[in-house]
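Visitor: Take this structure first; my questions come after.
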Amino acid sequence: MNGTPTPPLPSVTYRTLDELSGNQTFKTAGVSLPATTGNGGAAKTYKFGSGIALAYDAAADSYTLTSPEGYSVTMTQAELDPSSSQDSSTYFKRADPTEDRVLLARRQVNGVRLNYTMFGSWTHIADTSDPGGTQRTDLAFGGVPTQASDVPKSGTANYDTFVGGTIISNNRPYMLNDQASSASYSSATFSINFETGAVDTALNLKGSPPGGGAFTDFGKFTGSGTLDSGGPGFSGALAGADTSGAFAGALFGPQGKEMGYAWYLLGSTFEGRGIVVGAKK
């Protein structure tokens with residue numbers, strides 16, 4: 001007698017970020033660094049689910065961010081920068097002596113806004129009168145993650161990407177992307193082997209001083225990592241000439257349709273931090 005056939009796995013349904021309603025909580029992955037340069041050794045990576053916790057209160061129309069280190073802030077419409085747009089919301093809050101700046105954004109790849117992936121940047125200064133106190137900047141990705149049962153188990157995926165961020169070289173900042181548009185001066189490759197869980201990426205970083213000026217080519221940095229067991233998160237290490245760093249991020253949407261990761265680099269002549277977002281080809 002034949003045994004009972006194995007039933008098919010239930011299909012996974014997703015809602016885009018625009019389709020979400022009511023109260024929401026978001027897990028994230030990303031990096032945490034000193035808000036100022038020169039102390040890069042304190043940089044950390046957080047795998048998906050262990051980074052910033054982001055909660056949206058629909059009734060109050062507010063966001064509460066809680067860091068892995070334990071501090072938190074709630075941003076309401078009163079703290080929203082009036083120049084914010086649908087795709088980029090900036091909040092500022094000062095409750096002396098503490099100061100917080102938060103950016104919540106949706107990025108574009110090849111001119112198309114991502115549907116499931118959200119980026120956040122949070123700078124927290126515990127005491128503005130104490131330069132030696134806690135001053136952290138977190139870069140994190142959340143949104144509608146790919147469900148564990150929906151992460152592909154075979155094949156390889158490559159992604160079109162957008163790169164953003166900042167490099168400080170000789171105490172001078174260089175922007176890796178145009179702040180007024182979706183254009184990036186830099187480029188990246190990103191691929192995942194779903195059978196082995198291997199993640200590979202490469203960053204080609206070029207930047208220009210704020211306000212314009214000559215471009216500087218900071219070179220190529222390669223990264224390798226792994227997909228988290230049973231989940232959509234991934235993390236790994238970055239390396240280049242006299243440079244080391246790390247990245248952490250996650251897959252979002254059906255079958256890993258989108259991805260985003262935050263990264264940092266510490267070199268002998270510069271420090272860098274930024275993001276890569278991607279859409280599956």
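Visitor: In debye, nearest 20: dipole of the chain around its Cα centre with unit charges on the Cβ of K, R (+) and D, E (-)?
Guide: With only Lys, Arg, Asp and Glu charged at Cβ, the dipole is about 580 debye.
Visitor: I've got another one for you. Give a quick list of trypsin sites (Lys or Arg not before Pro) in the range 80-180 that DSSP marks as loop, anything other than H, G, I, E or B, with at most 14 other Cβ atoms within 10 Å.
Guide: Within the range 80-180, the qualifying trypsin sites (Lys or Arg not before Pro) (loop, at most 14 other Cβ atoms within 10 Å) are 153.
Visitor: For the range 86-164 and the range 208-250, what is the centre-to-centre distance using only Cα atoms, to the nearest Å?
Guide: Between the Cα centre of the range 86-164 and that of the range 208-250, the gap is 15 Å.
Visitor: Students often check this: by mean Cβ neighbours within 10 Å, which of 75-83, 243-251 ranks highest, and how do the rest follow?
Guide: 243-251, 75-83
Visitor: OK, next. Find out how many positive minus negative residues lie around residue 127, taking Lys and Arg as positive, Asp and Glu as negative, among other residues whose Cβ is under 10 Å from that of residue 127.
Guide: Net of charged neighbours comes to -3.
Visitor: Another question, then. Quick check: net charge around residue 162, other residues with Cβ under 13 Å of its Cβ, Lys/Arg +1 and Asp/Glu -1?
Guide: Spelling it out: positives minus negatives among the neighbours equals -1.
Visitor: Could I ask something else about it? Identify which of 210, 131, 34 has the largest mean-square fluctuation in a Gaussian network model of the chain, with springs joining Cα atoms closer than 10 Å.
Guide: Ranking 210, 131, 34 by mean-square fluctuation puts 131 first.
Visitor: Treating only the Cα positions of the range 148-280 as identical point scatterers, give the base-10 log of I(q)/I(0) from the Debye formula at each q in 0.14 Å⁻¹.
Guide: Scattering profile of the range 148-280, log10 relative to I(0): -0.60.
Visitor: Still on this structure, please answer the following. Report the one residue of 243, 116, 199 whose Cα lies farthest in the direction of the positive end of the charge dipole of the chain (charges on C-beta: Lys and Arg +1, Asp and Glu -1; origin at the Cα centre).
Guide: Toward the positive end, the furthest listed residue is 199.
Visitor: Still on this structure, I have one more. Only counting other Cβ atoms within 10 Å, I'd like 220, 281 sorted with the fewest neighbours first.
Guide: 281, 220
Quick note: the coordinates plus some simple rules give every number you see, no bench work behind them. Everything quoted here is computed from the prediction, not taken from an experiment. Quick reminder, even Gly has a Cβ in these numbers, built from the backbone with ideal geometry, and neighbours come from all protein chains shown.
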